[in-house]
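Contents: one structure, followed by commentary.
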Amino acid sequence: MSTLDSNEFKREQARVDHVISKIETQTEHTKNLYNQAHSETRSVESNYSQNAKINTFEADDRIETNAEVQQQKGLVARAVENETILKRQVATYKRLQASPYFGRIDIKDPGETQAEPLYIGTASFADENENFLIYDWRAPISSIYYNGTLGKVTYQTPVGDMDTELVKKRQFSIQSGKITNMFDTNETVGDEILQEVLGQQNDTYMANIVATIQKEQNDIIRDTTSDLLVVQGVAGSGKTSAILQRIAFLLYHSRKSLNADEIVLFSPNRLYSRYISDVLPSLGERNMRQITLADFLSQRFQGLNVQSIFDRYEQESLSSPVQQALSQLLESPTFMTAVSDYAQKLTPQEIQFTDILFKEKPFFKAAEIRKIYADLPNSLSLADRFLKTKNTLIKRLKRRIDQEADADWVHETIDHLNNEAYNDLIGKKRLRAFESYDDEIHYLGRKIAAKHFRIVYDALYNNYFIDIYNQYADFLRQVSLPDGLTNTDWENFQSTFQKGIEYHKLHLLNAAPLLFLRDLLTGEGRNRQIQYIFIDEMQDYSLAQMIYFKHAFPNAKFTLLGDSEQALFKDVEAPQSLLNHLKAAFNVKRANLITLNRSYRSTYPITNFAKKLLPDGDQIQAFNREGDLPTVIVRDTRQTGLETLVSLCHKELQTYGTVAILTRNMKESRQIYEAIHRSTHANLLSDADLALPKGVLIMPVYLAKGLEFDSVIAYDISATNYPDQRSTGILYTMASRAMHQLTLLSIGAASPLVSSVLADQEHLVQIE
Ligand SMILES: Nc1ncnc2c1ncn2[C@@H]1O[C@H](COP(=O)(O)OP(=O)(O)OP(=O)(O)O)[C@@H](O)[C@H]1O
């Protein structure tokens, strides 16, 4: 890396000034276009609403009006689209004006004598003669900036691989139009600028990393071929960053065929969803859809309270051998296969059809439903057979509605309708559209009868004619047990399931197999529109859940990212074996595994300490950024511990914007909050929170997943809280949330996991 002379600096600054002035001119021009487009949209819209109003009273005019309305609608949509594009362009220019680019590559194509400089920024920008003054970081040629060291390089384009020679690579920091830092480098992206970026304080929400993407991260971002991309990356290695830049990349590359709504990211919690929500807009892209597992499951189990990962963690963070054996069984792919085998073999007699009730009496009896099902050919798939049964039931209901339409009570109801209610019931469209009065009365009668039986229709629509919980209970009864589970354990588990259902509760372990069984029987629950699924913190999901996702999103490509060392419940799994398991579970051909071992978030001393907590932490490479050693403080009583905590908060706040106190569970967080919030203005965060304030934040460790803070205080890392190696993942997660400062506070003797680091490697921490 070389520092550049002042002439070179001036030349580059002059170019920055030139580009910015071009952007300014272009911004003005685009703003004018935008204003024009805006008034055009307004006028088309007002035209549309007038046109839509006219002529709908006379039946003959309806068809013509309809065509006209469609045409107007099209005009409005196009005008709005045009306006949106211009608005987005203005926003892009605004971004570029402050910092037009961050990189420059000089390339010499074969046969050329002179190298050509190309500048790379967050979006492309061309002058009036179509000269590209800035290339988008996602353009094919830009990959050289991230991948290549100087010399011969190859890059991929839509028309095949291209060769060129990279003769110079330069990095810039540009703020408010001024170059603040500038380096030539031979490396992928040099450490100097990265040091600067990482040394800054956390500004609450995550920022994009496009200026400093590292080579392995770039491989994740630009992978367009894998059906299953698995990333095992140590804490702070940029997994979450890679997801977001990857989404921006995919959106750019498939502009025509991929839309942000067709991408779903499973987030570990809602705070995280907010934490990352600025990254894509900062790159000029719309955010993908985000959902937490808890929200996904509660949408699919309306009316049931499904245990969340957090509830589960609170309830069984130190789980018993039986609980572990149960998890192993229910979370395994074999369990899901067992569900599928069970469903395929079900005879009509075995399916748990149930009466559909109307006014507490059977409207359709289970036996009638079963007969419909049994009379359908065996050769039909489960789902088709179910659908045909449902359609037959709906047909029978309609017949019943038809009969009921002429019942005396219905006629009486019609007689009592006032004019307004009468007209409302017929609806504007059909007013005066009937051939005879009898037809009109029959039509009204059907509407009244349909309303009367609505509850039956809803029950059919929602598939309530199968008791899916009984069906699942039946499945559980015939499961063959692995070693480690006795019949009594299993019976207890089954009766807990049954009792849970009575109280509208469902254990998380049952969620995936139960949904799978329901979908297999009903053929519902699949979303074929989604093209990409991303799962962050995948170590907190079971293989059974992953298999369900694959089933629920059959056309999606999957990107799974995680760190098995940060698992809340599971043992660490070697990356290759994880990939093999996932590949088998997903049943895909093109699977790719990328491992990230370099950790960027924390200072060198913090990462060094955190990795020593792990039995196999040696693979983790700490990024070389200076900082204080982590501090371990032991206090004898809770009272003195809390006093220390308060003074620590005050001290840390003098230097840092955010200080997070991480605890083992919510109860502990609440207790601390009660004790210190008056003197520290601390905020207690829960899963319901959607924003991250600055200052002192108190939260249980599982809510801090995926997040980072300037200074972290791990509260009460005592042997009582973290007695043995089952807590390794949790302590490691806590320590690795810290960017600049880490303090571990213990009430009474520290956890043996921490003490053993101190015993061997005292130089890694400061003891107070
Ligand atoms: N190439 C990079 N350039 C600049 N900053 C980076 C880069 N890679 C990662 N970082 C920074 O490192 C920190 C950690 O990144 P990120 O949260 O994406 O890691 P992670 O692997 O998801 O972490 P964890 O598993 O611990 O939650 C973030 O502040 C991110 O901005």
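Assorted remarks:
- Test: Ile193 is in a helix (DSSP H, G or I) and within 11 Å of the ligand (Cβ to nearest atom): yes
- Residue satisfying condition, being surrounded by 22 or more Cβ atoms within 10 Å (Cβ to Cβ) and within 16 Å of the ligand (Cβ to nearest atom), within set Leu692, Leu703: Leu703
- Elements of the type strands (runs of 3 or more DSSP E) sitting completely within segment 683-768 and holding at least 1 residues that are more than 27 Å from the chain's Cα centre (by Cα): these cover 709-715, 738-747.
- Residue list for segment 479-509, filter: acidic (Asp, Glu) and not in a helix (DSSP H, G or I): Asp483
- Qualifying residue in segment 534-545 (condition: in a strand (DSSP E or B), among the aliphatic types (A, V, I, L, M), within 16 Å of the ligand (Cβ to nearest atom) and not assigned by the TED database to the domain that holds Lys705): yes
- Selection count, segment 124-161, where residues are of a type in the set (D, E, K, R) and in a loop (DSSP other than H, G, I, E, B): 4
- Pairs with Cβ under 7 Å, 6+ apart, first in segment 721-739 and closer than 15 Å to Phe609 by Cβ and among the β-branched types (Val, Ile, Thr), second outside any loop (DSSP other than H, G, I, E, B) and within 11 Å of the ligand (Cβ to nearest atom): Thr733/Gln566
- Flag not set for Arg477, criterion: basic (Lys, Arg) and under 22 Å from Arg396 (Cα atoms).
- Scanning segment 618-638 for residues that are closer than 21 Å to Gln741 by Cβ and either of a type in the set (D, E, K, R) or free of Cβ contacts under 8 Å to residues at least 12 places away in the same chain (or both) yields Arg625, Glu626, Asp628, Arg635.
- Of the helices (runs of 4 or more DSSP H) lying entirely inside segment 230-349, those containing at least 3 residues that are within 16 Å of the ligand (Cβ to nearest atom) and not charged (D, E, K, R) span 239-253, 270-275, 279-282.
- If you go through segment 710-728 and keep only what is within 16 Å of the ligand (Cβ to nearest atom) and either among the polar types (S, T, N, Q) or surrounded by fewer than 24 Cβ atoms within 10 Å (Cβ to Cβ) (or both), you end up with Asp710, Ser711, Thr728.
The values are calculated or read from the model by the stated rules, or taken from the named source; none is laboratory data. Computed from a predicted model, the values in this text were never measured in an experiment. All Cβ positions, glycine included, derive from the backbone under ideal geometry; neighbour counts span all protein chains shown.
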